[in-house]
Structure formats: structure tokens, C-alpha cells
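Participant: My questions will all concern the structure given below.
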Amino acid sequence: MPFGGQRILSCLSIETQFLLRNDQPGLRDLDRVVLIGAVNAESGARIEAGTEGTIVAVQPGGRGYPVAFAKPAEALAAVPAALLTLAVPAER
């Protein structure tokens with residue numbers, strides 16, 4: 001049975017996948033970002049522009065990112081790339 005790229009990546013540790021993506025352009029896992037527009041968290045809470053969060057994953061093609069926010073209380077939101085700006089890059 002041949003292995004596709006996704007199949008191989010799913011067999012790698014999270015740490016290895018993170019290292020393989022280090023040379024990718026754009027925002028990356030664990031980058032700290034700032035919202036430049038308001039979004040709604042999965043819980044329905046509103047997260048205002050200017051709020052800082054941490055990217056927890058990258059959607060295919062970098063179109064959007066699940067971002068964790070400390071306020072409101074541990075909110076998670078799917079944020080389009082156009083509404084984020086880099087605050088602090090993750091250590092590479």
C-alpha cells in the first residue's frame with residue numbers, strides 16, 4: 001500500500017511535524033498573534049481586536065488558524081489569516 005504525504009505526516013510525532021514546517025512561509029504553530037478584527041470564540045464569546053493569542057494549528061494552505069486566547073476564559077477561535085498579525089514568533 002503506497003503512502004501519501006498526509007499518511008506519512010500522521011505517523012510522525014508532533015515535534016517532528018513542527019520541525020518540518022519551520023521553513024514554511026507565513027504564520028506557524030505556537031506563534032503569538034494579535035487580532036486586527038473581532039471574532040467569535042467557539043463558545044460564542046466575542047474576542048475584540050487587539051487581543052493576543054497563540055496559534056495552535058495551521059489549516060491547509062494557511063487560510064486560517066485555530067487560535068487560543070487567555071481572555072475571555074481560555075477561548076478558542078478559528079481565525080482567518082487576514083485578521084491576524086504576528087506579535088512574537090515561536091522559537092525555531
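Participant: Would you grab the residues whose amide H sits under 5 Å from the one on Ala75? Only those 5+ places off in sequence or on another chain, please, with H modelled 1.01 Å from N.
Facilitator: Residues meeting the criterion, in which the H sits 1.01 Å from N, are Phe69.
Participant: Same structure again: For Leu84, which sequence-distant residues (separation of 5 or more, or a different chain) have an amide H within less than 5 Å of its own amide H, given hydrogens modelled in the peptide plane?
Facilitator: For Leu84, the qualifying residues are Ile36.
Participant: Separation between the Gln59 and Ile36 pseudo-spin-labels, each 7 Å from Cα along Cα→Cβ, expressed in nm?
Facilitator: 1.8 nm
Just so you know, all these numbers are worked out from the coordinates, no wet-lab data involved. Predicted model only: the values in this text are computed from it and were never measured. Virtual Cβ from ideal backbone geometry, glycine too; neighbours counted across all protein chains shown.
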